[in-house]
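None of the figures in this text is laboratory data; all of them are computed from the coordinates on show. This is a predicted model, so every value here is computed, not measured.
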Amino acid sequence: MGKGKQRKQIILPPELPPEIADDDIEVSDEDLQFVDENKDYAGFVSRLDTHSINKQVTRVEGVNEDALEALYEKRRRKTLEQKENEKSVVQVDPVDALPVKSLDGEVYYRTFSQTAEVTENEGDVDKSVVKLTKAERRAKLKKTKKEAKKMGKELAKTEEVQPTQQEAALAEVKEDLTAEEAFEAKKRKLAELGMALLADPEANIKSLKEMLQFAKDGDHSIVKLGLLSLLAVFKDIIPGYRIRLPTEKELEMKVSKEVKKMRFYESTLLSAYKGYLQKLLALEKQPRFHHVVVRCICTLLDAVPHFNFRESLLVAVVRNIGSSDDVVRRICCSTIKSLFTSEGKHGGEATVEAVRLIADHVKVHDCQLHPDSVKVLMSLSFDDDLGKPEVQEGNNKMKNKKNKKRKNFEESNQPQGNDRKRSKQETIAKMKEEVAADYKAVSYTQDVEEWKRMQSETLSAVFETYFRILRHTMRSSVASSEANGNITSGGSGAHPLLAPCLSGLGKFSHLIDMDYIGDLMNYLKRLAARGSSSDSSAQKVQNLTVSERLRCCIVAFKVMRSNLDALNVDLQDFFVQLYNLVLEFRPGRDEGEVLAEALKIMLCDDRQHDMQKAAAFIKRLATFALCFGSAESMAALVTLKQLLQRNVKCRNLLENDAGGGSVSGSIAKYQPYGSDPSLSGALASVLWELNLLSKHYHPAISTLASGISSMNSAQNQVYISISPQQAFKNLLLEAESFEYNQQGGTQKSNKRKGRSTALASTLASVEPPPVDENEVSKKLRRHFILLRDIKENERLRGELDRTTSALQLYEEYKKQRKPATLKNKKSKKARTTVGM
């Protein structure tokens with residue numbers, strides 16, 4: 001027989017890994033993150049057919065499926081037997097025994113069969129020696145992973161603070177970057193809209209509403225930029241006329257496209273402008289926008305005072321005209337002044353409205369406002385020649401009427417054959433009249449009657465405000481001023497508006513009606529006397545300052561001189577007040593310029609003085625120059641010199657005779673504390689103060705005093721050109737340079753050296769000697785020693801006067817007591833005789 005057929009060996013594929021439950025599968029966080037990020041690429045896994053894959057993997061080429069199934073069944077039985085044997089076999093722990101490698105390359109540990117002895121002593125077997133099963137190893141691995149994960153979470157919690165701070169910082173940086181980008185984008189948008197509107201307002205008029213939305217933004221910087229951008233746009237595109245919206249009948253009429261376009265443009269502009277003003281007035285109450293809003297309102301009122309809604313702008317500006325904020329008050333005051341000076345923009349209507357609002361504002365606040373709120377009225381200007389054009393127009397009208405009568409008379413005499421020519425002339429004349437009427441309606445020239453009416457209304461409102469301030473000052477008392485102390489006045493004293501009121505009355509004194517001048521002079525007289533005179537009212541005026549009382553005297557003289565032809569008022573009371581106020585004046589507390597102005601108006605400008613009164617003022621001014629600063633002393637000496645030059649007999653005060661020289665007057669004794677200059681008896685005194693003033697520390701004063709002392713009664717009257725006000729101002733500048741020179745500043749003193757030499761040459765035509773510090777200090781020491789001696793003498797004189805008055809009272813008491821004692825003695829004697 002031949003070779004037997006060899007049997008072919010079948011090699012089965014390896015076993016598939018055992019199936020594991022989903023709960024036992026451990027998936028790491030990295031795997032989950034990878035699957036989440038790549039979901040689109042992992043979708044095919046859910047669609048896999050595992051059964052077909054298993055069948056394909058377990059397939060063997062060239063083998064029947066039935067035989068293959070028998071082989072697999074045989075393998076399964078073998079594996080089950082191995083598992084049963086493993087249960088009965090104790091596996092040595094790999095820590096205690098070395099592994100064994102088979103010929104196939106598989107590594108395994110030695111095992112031994114479980115005998116009866118081992119089973120009996122099963123409890124004594126060390127568990128560390130026994131090898132764990134696969135399920136136990138898996139459970140143990142799972143437990144260790146959970147513990148490691150738990151420990152990692154605890155460590156993350158402990159280190160959680162630092163990452164959160166970093167994240168917060170990164171978030172803030174991102175927010176800042178986004179806010180800056182948004183801010184820049186809004187700025188660019190605002191600029192684009194504004195440029196488009198300025199380039200073509202009619203085509204881009206709808207952009208105004210879009211720009212107005214930026215004023216409602218949450219960012220304050222964007223709101224301010226929006227308001228300022230709209231301000232620039234409105235200033236440029238607002239027309240030079242007041243917009244009047246069409247009525248309902250006009251809207252129903254058919255118009256051209258151009259008219260419709262213009263109506264749409266004007267209505268959109270007016271509505272946007274109204275919304276802008278409403279937004280400004282709403283933001284005015286917020287402090288962070290107050291400055292920007294006030295600046296926008298004032299700029300609009302100054303630029304377009306003729307446009308719509310002017311009343312709202314005026315109310316806002318007048319409301320802030322007395323603000324406690326210096327910046328706001330300065331802007332509002334400059335706007336009102338510009339409104340008064342540029343009446344050509346609005347025709348004078350805004351001036352009348354502003355003055356009325358100021359008058360109401362003063363009335364509401366009971367005259368307790370900042371002085372600037374009334375000082376702006378000084379910028380008003382009134383035309384005094386309004387009546388002249390009326391006369392000329394009236395003459396022209398009369399001439400035209402006469403010419404027409406002559407023409408009609410001549411035409412009536414002519415034959416009536418030229419009817420066509422006459423009708424043609426009539427139509428031409430009518431056309432000329434219509435053209436003239438239309439031209440007058442659209443021209444900027446204002447009617448004279450209308451102009452005069454507005455001027456009179458403005459003037460009446462101004463004087464109403466001034467007289468209200470005077471009446472308030474008259475009836476106010478200390479209690480009322482303290483009650484109103486919570487209102488911010490910004491001025492000094494209880495009457496902050498009195499000084500600008502008096503200045504305004506002095507400026508417009510020539511426009512005051514003659515019916516009110518008598519009452520005004522009575523008011524001024526009582527105010528200058530501080531209410532100490534006999535008043536019919538129950539309340540007395542609160543004591544005014546020296547400067548305010550001097551202003552009352554100045555205004556009285558200005559009113560008198562402006563209405564000299566129709567006014568006859570005795571000004572003796574004001575001379576008495578000035579004579580007393582000279583001694584009450586204190587440098588630093590009171591205003592030296594006001595005193596210099598009073599001396600100029602009341603003494604220098606008035607050339608008719610009584611000799612006794614002039615001598616009293618000369619003596620009082622010499623005493624005043626001895627006690628106060630250099631600028632005030634210079635103004636007093638200039639006035640003194642002018643009085644001596646005009647009153648030759650008063651130069652006898654320069655003589656050193658007993659009793660004041662040859663002319664002593666009706667009063668033989670000088671009364672230095674007298675209140676009336678006419679009864680002071682100054683002619684009986686000597687100007688010994690000039691001797692002390694010639695040694696004054698200031699060279700200009702000492703030079704002028706020496707020049708006055710050298711005057712004699714035979715000298716011609718030569719008037720000097722300088723006034724007390726000029727001398728006061730010049731010496732203020734000289735005093736500043738003099739003080740700076742004492743501190744070592746030579747630059748400014750060299751610049752003003754010409755001014756001081758010119759002053760000295762004008763006053764006495766003698767150059768002052770060079771300044772020596774030691775000499776100046778000696779003069780100052782002697783000057784203040786003299787002042788101290790004068791004060792001490794005044795104190796001693798006061799004590800002497802009190803003791804003499806006490807002695808006189810005692811003597812009178814004794815004289816009155818003597819008759820009473822004699823009567824008592826006689827009555828006692830009579831009683832004793834009767835008793836006996």
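Quick notes on this structure:
- Evaluating 6.51 cos²θ - 1.76 cosθ + 1.60 at θ = phi - 60° for every residue in segment 669-675, the Karplus couplings come out as 10, 7, 10, x, 9, x, 8 Hz, glycine and proline recorded as x.
- Of Lys254/Lys430; Lys74/Lys142; Lys345/Lys452; Lys186/Lys206; Lys274/Lys337; Lys375/Lys452, those spanning more than 27 Å from alpha-carbon to alpha-carbon: Lys254/Lys430; Lys74/Lys142
- Here the translational diffusion coefficient of segment 188-289 follows from Stokes-Einstein with Rh set to the Kirkwood radius across Cα pairs; for 20 °C and 1.002 mPa s it amounts to 145 µm²/s.
- For the cross-link pairs Lys216/Lys363; Lys669/Lys814; Lys235/Lys260; Lys507/Lys649; Lys558/Lys791, the ones whose C-alpha atoms lie over 27 Å apart are Lys216/Lys363; Lys669/Lys814; Lys507/Lys649; Lys558/Lys791.
- Taking amide H positions as modeled 1.01 Å from N, with prolines and chain starts lacking one, no residue 5 or more places away or on another chain lies under 5 Å from Ile205.
- Segment Ser709-Ser338, extension gain: residue separation times 0.36 nm, minus the distance between their alpha carbons: 128.4 nm
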